[in-house]
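Reading through the structure tokens given below for one structure.
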Amino acid sequence: MNKILTLIIVFNFCLSVNLVAQTNQTVRNGAVTNAVNFPGGCSYTWTNDNPAVGLPSGGIGDIPAFTAVNTGSTPITATIKATPLPGSCSPITFTITVNPAPSLTISPISGDIFACSGSASSTAQQFEISGTYLTGDISVSAPNRFAVGTTLDGGFSSVLHFTPVNGTLGVTTVYVRGIPSNTIISGNIAITSPGTSTKYVSVSAFTDVTPKANALPNLKFKAGDRVGDIAFLGTADKYRWTNSTPGIGLVADGIGTQISSFTATNNTDLPVVATITVIPVNNSTCEGLPIYFTITVENDPALTVSTISGDITGCLGVASGNPQQFVISGRHLKDDVIVTAPAGFEVSTTTERGFRKEVKLLRLNGVLASTTVYIRSADNAALGANNGTVTITSLDAPDETLLVSSFVNATPVVNAVANQQVKAKALVNPITFKGTADRYTWTNSTPSIGLAASGIGDIAAFEAINVTGEPVTAVINVVPVNTAGCNGAIMSFSIVVEPTEKLAVILPNTFTPNGDGINDTWVIENLNQYPKAVVKVFNRLGSVVFYSQGYPQPWNGRSGSTNLPVGSYYYLIDTKEEKVFSGYLSIIR
């Protein structure tokens, strides 16, 4: 018989309910804790070791939510121990930590806020904030016409926000600046953070009116002048000024209601310009916009001119070759120097070229270094004595003048001489020159006619020469010269020498170009009577092996640099004067 064994096991267990409520809790002062519900089916008694957190020291059953208490400045912790009744569930231990209430600490404000109308304040007030156990951001809000920031350099705004790190804000400086107005302003800065009461910081600022300075004209003085007081006018209490160029005799800067009298100075060769900058300032240190004016100090321009030296003599119609000269220099010049010659004269800075009615001498930094100027009579100067005044000028400098004189001599002339035409070997008649000159110089373009290339005075009779077959023309140029050294206009005439009757041209029919010095070239006698003759030599094939325009150099039996072979060659000579020679020629070696 089968037996059935029935085993009945009875489990005693606790339901796990609201386990989250039995974990450790951290809350701030005044906050409501979470209720603590122990597991269902279990009965507990519990104890609290720190009733100061707002929970009794003990109790039975679940712990209801309660308002946490911590009036101190540091966190406090209560340890809760829950003990089940016998035969019930396991004991439970957990903690409730109560932090102090969020706290903000604000230091007293320090400093002064001052601004000038039209600009933000250049100074600021400041205070420090810090916080502990904070649960949210801190906001710092500026009142109307104020701004807050964390640096003096910029970033000011109406509201600042700070985010705590783990509930803490370290000591942080807040700067307060006034926004422009025209009066005293004040207000309260509000500092807020969740869980804290709003804190206020009182701020105030003063804004002054921006001063103005009236414009002043630019001033100009001579070196050595006494400059009177220069008064400043406007709405400022005082005026701060600077001078860009103390070299004018005025110090570099000052403050007051005027620039006191001083003596203008200038130790340079140029005008000196000083820029004066004037800034209006109130006693509150507000500054207005600057004004500017200049003080110019000049020296009187001065020219220095030496006496004139030298003598000017010339020839009518020709500029003189021996100028006079003088030296010019200058200081403190405002412009270049102009030298103007009188009528019948011209000036230059060199003796060879560049003569004209007027020259400009360039200054450098107000200075003209010593410069020599030359003056001569012009080609349009009148015959005889000429006088005039040279004028030297420069802007604002006293004009300088020099007297100049010259003497212009008459130009000699030579009478015309008739052209001559003679036969070679004939006698050319003597040629006598007449005119107003003291002497006559002449040149001959073609000395081969038997007359020298040049000479002075009359030309004596001479035998005409012409060794060519063409007429030879010589041009004789005669220059009349007087004792003053004046040359007159050139007079020219010609002497034509006709050739004698032409000689017969002798044409050898052979030559031996073998280098023995005898009959090595083809010598054609009297061909030089035909200077335009064209000489050609052909080989048996009809190719030209020699060509010459005229015959200045006898043929050596070569074609270029190649010796031609022994043999017979054909020649053709065109004299260009209705005569042509032709025939055969043999080369023998």
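The values are calculated or read from the model by the stated rules, or taken from the named source; none is laboratory data. Bear in mind the structure is a predicted one, so any value in this text is a computation, not a measurement. Virtual Cβ from ideal backbone geometry, glycine too; neighbours counted across all protein chains shown. Note: accessible area is taken over every heavy atom of the protein model, side chains too, but ligands, DNA and RNA are not part of it. Shrake-Rupley method; radii C 1.70, N 1.55, O 1.52, S 1.80 Å.
Using R₀ = 45 Å, calculate the FRET efficiency as 1/(1 + (r/R₀)^6) where r is the Cβ-Cβ separation of residue 514 and residue 425; round to 0.05.
Values: r = 40 Å, r/R0 = 0.89.
So, using R0 = 45 Å, E works out to roughly 0.65.
Quick check for you: with a 1.4 Å probe and neighbouring chains kept, what is the accessible area per residue of the chain, in Å²? Mind dumping the intermediate values first?
Values: 31480 Å² over 589 residues.
That works out to 53 Å² per residue.
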**Study point:** Alpha carbon convex hull of segment 264-398, projected area averaged over orientations, nm²
**Key:** 11.0
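Can you give the percent of C-alpha pairs in segment 480-558 whose distance is more than 14 Å?
75
What's the magnitude of the charge dipole for the chain around its Cα centre, counting Lys and Arg as +1 and Asp and Glu as -1 at the beta-carbon? Answer in Debye, nearest 20.
Numbers: 32 positive and 37 negative charges, 290 e Å.
The dipole magnitude comes to about 1400 debye.
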Exercise for review: Note down the nm distance, to one decimal, between modelled labels 7 Å out along Cα→Cβ at residue 572 and at residue 226.
Suggested key: 11.3
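Which whole number of Å³ per residue matches the convex hull of the alpha-carbon atoms in segment 387-522?
Values: hull volume 32.8 nm³, N = 136.
Here the figure is 242 Å³ per residue.
With a/c under 1.5 counting as rounded, go ahead and sort the chain into rounded, prolate or oblate using the C-alpha gyration tensor (a ≥ b ≥ c being the square roots of the eigenvalues; past the cut-off, prolate if a/b is larger than b/c, else oblate).
Numbers: a/c = 9.79, a/b = 2.25, b/c = 4.35.
Oblate is the answer for the chain, as a/c is 1.5 or above yet b/c matches or exceeds a/b.
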**Study point:** ³J(HN,Hα), Karplus 6.51/-1.76/1.60, whole Hz, each residue of segment 141-150, x for Gly, Pro
**Key:** 10, 7, x, 4, 6, 10, 9, 10, x, 9
Exercise for review: Name the residue farthest towards the positive end of the dipole of the chain from the options 29, 72, 317, assuming +1 on Cβ of Lys and Arg, -1 on Cβ of Asp and Glu, about the Cα centre.
Suggested key: 29
Practice item. Could you work out how far apart the two model spin labels at residue 192 and residue 493 are, taking each label as a point 7 Å from the Cα in the direction of the beta carbon, and quote it in nm? Key: 13.2
Point to revise | Efficiency of FRET from Cβ geometry, residue 235 and residue 335, R₀ 45 Å, rounded to 0.05 | key: 0.55
Point to revise | Label-point gap, in nm, between residue 407 and residue 152 - each point 7 angstrom along Cα→Cβ | key: 9.2
Check your understanding: When only Cα pairs under 8 Å and 6 or more residues apart are kept, what is the percent relative contact order across the chain?
Key -> 6
Practice item. Would you mind calculating the gained length between residue 358 and residue 418 on full extension (0.36 nm times residue separation, minus the Cα-Cα distance), in nm to one decimal? Key: 17.0 nm
